[in-house]
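One structure is given here, and the rest of the page talks about it.
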Amino acid sequence: MKAIGLITVFSLGMALFYATIDFPPWADPQSPASLHVSPHYIQETMKETDVSNVVTSVLADYRGFDTMFETSVIFTAGIAVILILRKYSKKEDEKFLPEVSEEAEPDIIIQTVTRIIVPFIQLFALYVIAHGHHSPGGGFQGGVILGASFILLAISFNLKAMLRRISERKDILLGGIGLLIYSGIGALCVLLGANFLNYKVLHLIIPEASQVEARSYGILGVEIGVAIAVMAIMIAIYANLSSDGKYDKGL
Amino acid sequence: MELILAKYNYWIYVFLMMIGFYAMIVKNNLVKKIIGMSIFQTAIILFYVSIGAKKGATIPIIEHHAHSGAIDPAHYINPLPHVLMLTAIVVSVSTLGVALALILKIYHQYGTVEEDEILEQIQ
Amino acid sequence: MISAAQIPIFIVIVPFLAAFLISIAGLFKEKYCQPLSVLAMSVSLYAAVATLIHVINHGVIHYHLGGWPPPIGIEYVIDHLNAMVLVIVSFVGFIVSIYSKKSVEQELPDKIPQFYTLYNLLVTGLLGITITGDAFNLYVLLEITALTTYALIAVGRGRAALSGFNYLIMGTIGASFYLLGVGHLYIMTGSLNMADLHQLLPSLYGSGAIFIAFLLILIGVWLKMAFFPMHGWLPNAYTYAPSSTSCLVAPLMTKVSVYVMIRIMFSVFSPKFTFQEFSFHEIVVWLAVVAIVGGSLFALTQKDFKKMLTYLIIAEVGYMVGGVWLANHNGIMGAVLHILNDSMMTLCMFLVVGIIVYKTKGHHFDNLGSLYKKMPFTMAAFTIGALSMIGVPPTAGFFSKWYLILGAIDANQWEFLVALIFSSLVNVVLFFRIIEFAYYPSFSNQHGDAHGSEKIDEAPASMLVPLLIVAAGLLVIGVFTGKIVTYIIQYTIPNGL
Amino acid sequence: MIWQFDLIILALVVISAIAAITIKDLLSAGVILGAYSFLMCLLWTEMGAVDVAFTEASVGAGVSTVFMIAAVYKTTRRTKD
Amino acid sequence: METIISIRPFLAVLVSLFAVIPIVLSKRHPNVREAWTFGAGAIKFLLIASMLPLILNGKIIEYTVFEVIPGIAIKFKVDPLGMLFALVASSLWIITSAYSVGYMRGLKEHSQTRYFSFFAVALSATIGVAFAANLLTLYLFYEMLSLATYPLVTHHQDREARSSGRKYLTFILGTSIAFILPAMLISYHLSGTLEFSKHGFLVGTASKGVLTVLLLLFIFGFAKAAIMPFHSWLPAAMVAPTPVSALLHAVAVVKVGVFSILRILTGVYGIDLLKSLNLGTLVSYIAAFTILTASLIALSQDGLKRRLAFSTISQLSYIVLGVALLSPKGMIGGMTHIGMHAFGKITLFFGAGAIFVATGKQKISEMVGIGKRMPITMSAFFIGALSVIGLPPTGGFFSKWYLVLGTLQAKQVVMLVVLLTSSLLNAVYFLPVVYKAFFVSPEESLFEEEAKEAPLWCVVPMVITAIVSIALFFYPDIFSKLAELAIR
């Protein structure tokens, strides 16, 4: 097995190495990748979407459809983890217990710091989401940071502390809502008579917005949806992994 | 030297990928497989990001004073691979989550995360 | 308000939206989950059929998502081939969503909302893979299907978790290879749109990177479809999965992967590249032969109905891959027709297994005794499915075999013909063995009730009716092969062949 | 871009990757994987992929590591390879 | 030849197929159920008979149902050869149905509804083969027949039925998939058509070697014709209830095999091609081997039905031999033998079944003196035996006579010797049965003197077929006329 594995790995390496010979030199401004499609994004993003972070405009608009599914990949993972791990009945007997079982004493310093820092983390997350148009970041990163703030709570206190703030039901609900916001905006565009995710028709319902601005708003809406969904799912995955699906005490 | 400078990024990605791939198919421990998987996927991301790199260009955020004038694409890094890789990162963390959930389930079923010990128990 | 031009998007979007609605609905009332799913699937099926009719009447549809023209944005391209696959996928999704009610209630009583959420996402993923005209979009959807499948498989019994994990590893390798291949294409051309790539690539034929890209994508897709020698993960994964999962996954997963392979071979690359520049089509046909023969032989050694079927899937993948790589008209027609026929056949078989599991709590051969007496309708449907697997006219299976064999003769690849005939013969043995188990009273435990005591004990209507529809479908498809070929399949042959 | 700096990070990345798959303690392996992600993230920032780096920092180095550690805590740290 | 488009052949196929529905629905009322069978049989026979005058006037009836594969349709064509076969099969169905009623009720068999339904399907398939206008249609109905007869063969659902059923399927389905399917596709590849035609469609498409291999694939592939070495399913299939053996394994199934081979010889290859490649001789040697070997094996069989089975194997090859002689007289002989042998052999099977119903005996050695007990049955049996041996005054004589003439016409003396030897063997294995039934001293007899026949439902059909066998000697015109038309 090991020998076959090594041979496979080696031949893969050789093949990929062989392929690099034909690649254009690294970071070559004249490479096809830099010349074919991407100039359009760079040149037109301001004019077409009013978003200066090209990554955001490509992510949420030009290739917004990819991103919608990307978010649903996260959602899928969350539901998948729940499906695999969640145990609703308490009495299910455990044949094999985890080997690392010593409980850590709650540490007052960590808890205090957490309590202070979590609001700031969340504030920062909101900034990342909202400012994704003009700086690195966006719904996804912001959502992860939001989720991480709750996970931090769960780690430094315990799972119950987190669940008091965001219960399992709310969590799943938020995950669904986040994605519904995204796909709902897309579907709204269809209802307004344009293609799916064509945000420019949103100017029909957003007061005092031009078509380009409508795109910008659309992107913002979508990012918010992504953030909500990602946050909820990160929490859900963590809660299930750390408590074995029992939602009792966590790590 | 020219050649090495021109391609070393790609070679490193190939090497990382081989490491990850090796762990995925040869390692016996399920968690190690997952670690290999992460390395493997990250290597692909490195590859894509390397595609996007552009000498003498800056990050793909359009400067505000450039509003009116024509924007030179050579001035900004190709944003498309970045977008694709955001997706790939998301996919990799999702896969990681599901994989870890499966490992937990397997552990509760067999009491171990070593593949050979599990297969022994099945037989 | 919604114009007809928007219909294609509904195929994908309706099950997608439904997934989240189901997940939310599950928090309040679990019993709404399944009807919602059925509703979504029926809308999707309707849209798919409408699209197919539109394609037949008016030709290829392009749908620009977000209103961005390709290659800037992502587009949907629907031609005859994927319109047909869309109908297949949404039909299977529809049938199984009706069928699954009872079996999910039995097998996963406390996880119904999660099951249907993932179910809808899985169907969305498969539909999305089929409909998209963008190479990277395909990857994302590939991952959605993969993740949902891992989870849906892993909640089964017995070795399900472990085989789900193995599948996860293999599936991730496959998807990563695909992604790498797309990366190679991107670095060489700068485009991700399939049609655009098709335009840009010919000037690069002969480049090593393109060659490796093709190989990587191909291996990735083969891993996903469990083509020999990358088939190891499939049998256990499908065997231990819950019935409803295997009913959905077994017919569709491999078929959609075959579709992706055809798309890559002919729509991204060209027949000229795949068969002339990249001249190992004969080797691939040999691999297909090994897949067919090996799959059939392994199926022979099984004592478990469901596991036997999983090995047959491997053989059937060999049919399709081999057919495409025969590199001629008849072979490709046969392969495309087999995508349709085999998904129906496999669906029929797995629906039967699901019913048997529901009724007898197992899928071992011992569970089959006297089933013809107990479940005449189920077994009648099974018989039709079995005949189709064997390839007896006028069931559907015969006609795809017809084209495949003609293709093998045209290509002068007699080993493929022999393999096809061999697998048909093995199927005769396999299925008549099962028919025997079900037809005769079990001889092993004769304690006086060999005859007569079995009362009719049919499956619930929600399981039986879908099965009967599928079985009838096998006959209808078989009988109307001529129409299907003239209206749809002959247009799927790529130009330049 | 300073290619010497680049090379140093690349070397570190390779070292941490090898360490992650060879170390015989799963908890450490998880942490080293986090470090690997973080080094990657540096590399990408240096290549100008700020959004990717941001995401990798929050996801790859952050949440993924937490998941990994949670899972290891719930199972076992032991490994034979 | 004038061609008429008419839906009648298609209807003739469908009648018994659709009869299945009322048969199944009326399963609680046996009398109604059997009435449906008879009704369907009568309609079917009338439909076929109504086409007879047209055919005799040298016309051909065609009907295209639809194209299943572009270029290949499910298509029916009634020509004299098909007519001959259809006529035999459909008329015997009615008679056999009557016999089945007596037999099945006499033995209180289980699952009679299933039995009658599949019988109807089998008949449908038989007529489908008879009227098939191209190889695909023929193959379709051929396979349908194989599958429809499986539940009939394994009717008893016991261990013996199970192993026989396996053998049956292995041979029948195995050969058709392994040999015919590729052979059919190769011919399609070579010629681009599958339509039977007067001069065949393979002329000039491939070398002699290829065509020979193809022909062998076809001949052995139609294993229903029981050409050795693919014959052993037939004796095994005798575990079926006797009416099944009678109609299917003396008439429908086996004759379908032979008929398909005739179609291959006359419709796919064509006489001229066979002559020019000298393939007729090859086929006739294969047939001759089967004739002699099967006759010899039949001698050693004690089970009456098994003996009849081996006799059938040898008689089937007569038909193949006759056509393979490629001389007009030989072909007429072979084709009429389809009809003549059918009536003779079905009488014999009816007799065997009647004995089983009345006494439960299946072995010849247990039947000593049975003539006293069942005089009518054994008389009919005697007439059937005469017909199969080929002695006047029975129909069998007519066809054998032509076969002999055919060998002379084709100057195949070896075949003449084969024919005569095998007729002698026929006599040797049939006549002792009859002799022992009637002419034994009372001490030896295993039966009491008083006549106690099988139920009337069994006896009457048998008497009818016996009478027809004799009548065919005096009026062989229908069959011979059709055969003459077929070779013209």
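Okay, residues lined up against (1) small (Gly, Ala, Ser); (2) within 17 Å of E:LEU485 (Cα to Cα); (3) out of contact with any Asp or Glu (no Cβ under 9 Å at 6 or more places or on another chain):
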{"residue": "E:ILE7", "(1), (2), (3)": "no, no, yes"}
{"residue": "E:LEU25", "(1), (2), (3)": "no, no, yes"}
{"residue": "E:THR37", "(1), (2), (3)": "no, no, yes"}
{"residue": "E:ALA42", "(1), (2), (3)": "yes, no, yes"}
{"residue": "E:MET51", "(1), (2), (3)": "no, yes, yes"}
{"residue": "E:VAL65", "(1), (2), (3)": "no, no, yes"}
{"residue": "E:GLY71", "(1), (2), (3)": "yes, no, yes"}
{"residue": "E:ILE74", "(1), (2), (3)": "no, no, no"}
{"residue": "E:GLY82", "(1), (2), (3)": "yes, yes, yes"}
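Which residues, counting only those in region C:109-153, are in contact (Cβ under 8 Å) with a residue 60 or more places away in the chain and over 21 Å from C:VAL92 (Cβ atoms)? Matches in region C:109-153: C:PRO113, C:GLY133, C:ASP134, C:ALA135, C:ASN137.
Using the structure shown, decide if C:TYR99 is buried (at least 23 other Cβ atoms within 10 Å of the Cβ), away from chain A (no Cβ under 13 Å), out of contact with any His (no Cβ under 9 Å at 6 or more places or on another chain) and not in a strand (DSSP E or B). Taking the combined requirement at face value, the residue satisfies it.
When D:ILE23 is tested against (1) among the hydrophobic types (A, V, I, L, M, F, W, C); (2) more than 7 Å from every other protein chain (Cβ to nearest Cβ); (3) closer than 19 Å to A:TRP26 by Cβ, only condition (3) is not met.
Residues in region E:83-142 that are touching a residue at least 60 places away in the same chain (Cβ under 8 Å), within 13 Å of E:ALA12 (Cα to Cα) and of a type in the set (Ser, Thr, Tyr): 3 in all. Which ones in region E:407-438 are in contact (Cβ under 8 Å) with a residue 24 or more places away in the chain, over 14 Å from E:LEU391 (Cα atoms) and aromatic (Phe, Trp, Tyr)? Passing the criteria: E:TYR429, E:PHE438.
Restricted to region A:8-97, the set of helices (runs of 4 or more DSSP H) holding at least 2 residues that are in contact with a strand residue (DSSP E or B) (Cβ under 9 Å, 6 or more places away or on another chain) comprises A:38-49, A:54-57, A:64-85. Per the conditions (1) under 23 Å from the mean Cα position of the chain (by Cα); (2) closer than 25 Å to A:LEU12 by Cβ; (3) aromatic (Phe, Trp, Tyr), the sole criterion not satisfied by C:PHE266 is (2).
Could you tell me which of the residues E:SER111, E:SER117 is surrounded by 21 or more Cβ atoms within 10 Å (Cβ to Cβ) and modelled with pLDDT under 90? Before the answer, list the steps.
Values: E:SER111 fails: surrounded by 21 or more Cβ atoms within 10 Å (Cβ to Cβ).
From the options E:SER111, E:SER117, the qualifying one is E:SER117.
Of the residues examined, D:ALA11 is not one that is more than 9 Å from every other protein chain (Cβ to nearest Cβ) and either surrounded by fewer than 24 Cβ atoms within 10 Å (Cβ to Cβ) or of a type outside the set (A, V, I, L, M) (or both). For region A:149-188, what are the residues that are among the polar types (S, T, N, Q) and within 9 Å of chain C (Cβ to nearest Cβ)? Answer for region A:149-188, where residues must be among the polar types (S, T, N, Q) and within 9 Å of chain C (Cβ to nearest Cβ): just A:SER183.
In summary, E:SER26 fulfils each of the numbered conditions (1) among the hydroxyl-bearing types (Ser, Thr, Tyr); (2) farther than 30 Å from E:SER197 by Cβ; (3) within 14 Å of another protein chain (Cβ to nearest Cβ) with the single exception of condition (3). Condition test on A:LEU83, is it facing another protein chain (nearest Cβ under 7 Å) and within 30 Å of C:ALA160 (Cα to Cα)? Here the answer is yes, as A:LEU83 does meet what is asked.
Output the residue which, of all residues in region E:40-72 that are part of a strand (DSSP E or B), within 14 Å of chain C (Cβ to nearest Cβ) and out of contact with any Leu (no Cβ under 6 Å at 6 or more places or on another chain), is surrounded by the most Cβ atoms within 10 Å (Cβ to Cβ). Per the stated criteria, the residue is E:VAL68. Hey, does region A:14-32 have a residue that's more than 7 Å from every other protein chain (Cβ to nearest Cβ), without any contact (Cβ under 8 Å) to a residue 12 or more places away in the chain and of a type in the set (A, V, I, L, M, F, W, C)? Yes; the residues of region A:14-32 include at least one that is more than 7 Å from every other protein chain (Cβ to nearest Cβ), without any contact (Cβ under 8 Å) to a residue 12 or more places away in the chain and of a type in the set (A, V, I, L, M, F, W, C). Within region D:42-58, how many residues are out of contact with any helix residue (DSSP H, G or I) (no Cβ under 6 Å at 6 or more places or on another chain) and under 16 Å from B:ASN9 (Cα atoms)? Adding up the residues that qualify gives 2. When E:GLN412 is tested against (1) within 25 Å of E:TRP93 (Cα to Cα); (2) crowded, with 19+ Cβ neighbours inside 10 Å, just one condition goes unmet, and that condition is (1).
Each residue in region C:45-64 was checked for being within 14 Å of chain A (Cβ to nearest Cβ) and either surrounded by fewer than 16 Cβ atoms within 10 Å (Cβ to Cβ) or in contact (Cβ under 8 Å) with a residue 24 or more places away in the chain (or both), and 4 pass. Among the residues of region E:342-360, those that are at pLDDT 80 or above, within 23 Å of E:ASP302 (Cβ to Cβ) and of a type outside the set (Val, Ile, Thr) comprise E:GLY344, E:LYS345, E:LEU348, E:PHE349, E:PHE350, E:GLY351, E:ALA352, E:GLY353, E:ALA354, E:PHE356, E:ALA358.
Remark: pairs (first residue in region B:32-47, free of Cβ contacts under 8 Å to residues at least 60 places away in the same chain and more than 9 Å from chain D (Cβ to nearest Cβ); second residue assigned to a helix (DSSP H, G or I) and acidic (Asp, Glu); Cβ separation under 6 Å; 6+ apart in sequence or on different chains) are absent. Scanning for something at pLDDT below 90 and among the aromatic types (Phe, Trp, Tyr), does region C:280-290 turn up at least one residue? There is at least one residue in region C:280-290 that is at pLDDT below 90 and among the aromatic types (Phe, Trp, Tyr).
One line per residue, one yes/no per condition, for (1) part of a loop (DSSP other than H, G, I, E, B); (2) in contact with a helix residue (DSSP H, G or I) (Cβ under 6 Å, 6 or more places away or on another chain); (3) without any contact (Cβ under 8 Å) to a residue 12 or more places away in the chain:
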residue: D:ILE15; (1), (2), (3): no, no, yes
residue: D:ALA20; (1), (2), (3): no, yes, no
residue: D:LYS24; (1), (2), (3): yes, no, no
residue: D:SER28; (1), (2), (3): no, no, yes
residue: D:LEU33; (1), (2), (3): no, yes, no
residue: D:MET40; (1), (2), (3): no, yes, no
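Does region C:109-130 contain any residue that is in contact with a Lys or Arg (Cβ under 8 Å, 6 or more places away or on another chain), assigned to a helix (DSSP H, G or I) and surrounded by fewer than 24 Cβ atoms within 10 Å (Cβ to Cβ)? No; the residues of region C:109-130 include none that is in contact with a Lys or Arg (Cβ under 8 Å, 6 or more places away or on another chain), assigned to a helix (DSSP H, G or I) and surrounded by fewer than 24 Cβ atoms within 10 Å (Cβ to Cβ).
Screening region A:110-163 for residues that are of a type in the set (Phe, Trp, Tyr) and more than 14 Å from the chain's Cα centre (by Cα) and picking the one that is farthest from B:ALA88 (Cα to Cα) gives A:PHE157.
State which residue is farthest from B:MET85 (Cα to Cα) when the search covers only region C:156-213 and only residues that are polar (S, T, N, Q) and in a loop (DSSP other than H, G, I, E, B). Spell out how you get there, then give the answer.
In the first step, residues of region C:156-213 are kept if they are polar (S, T, N, Q); the result is C:163, C:166, C:172, C:176, C:189, C:191, C:193, C:199, C:203, C:207.
With the extra rule that they be in a loop (DSSP other than H, G, I, E, B), the set shrinks to C:191, C:207.
Working: C:SER191: 15, C:SER207: 25 Å.
Among those that are polar (S, T, N, Q) and in a loop (DSSP other than H, G, I, E, B), it is C:SER207.
Applying the criterion of being at the interface with chain B (Cβ under 7 Å from one of its Cβ atoms) and not hydrophobic (A, V, I, L, M, F, W, C) to the residues of region A:44-65, the residue that is nearest to the chain's Cα centre (by Cα) is A:ARG63.
Is region E:319-341 home to any residue that is in a loop (DSSP other than H, G, I, E, B) and closer than 29 Å to E:ILE94 by Cα? Before you say what the answer is, go through the steps one by one.
Residues of region E:319-341 in a loop (DSSP other than H, G, I, E, B): E:325-327.
Next, only the ones that are closer than 29 Å to E:ILE94 by Cα stay: none.
Within region E:319-341, none of the residues are in a loop (DSSP other than H, G, I, E, B) and closer than 29 Å to E:ILE94 by Cα.
The values are calculated or read from the model by the stated rules, or taken from the named source; none is laboratory data. A quick note: this is a predicted structure, and the numbers were derived from the prediction, not measured. With ideal geometry, Cβ positions are generated from the backbone for all residues, glycine too; neighbour counts draw on all protein chains shown.
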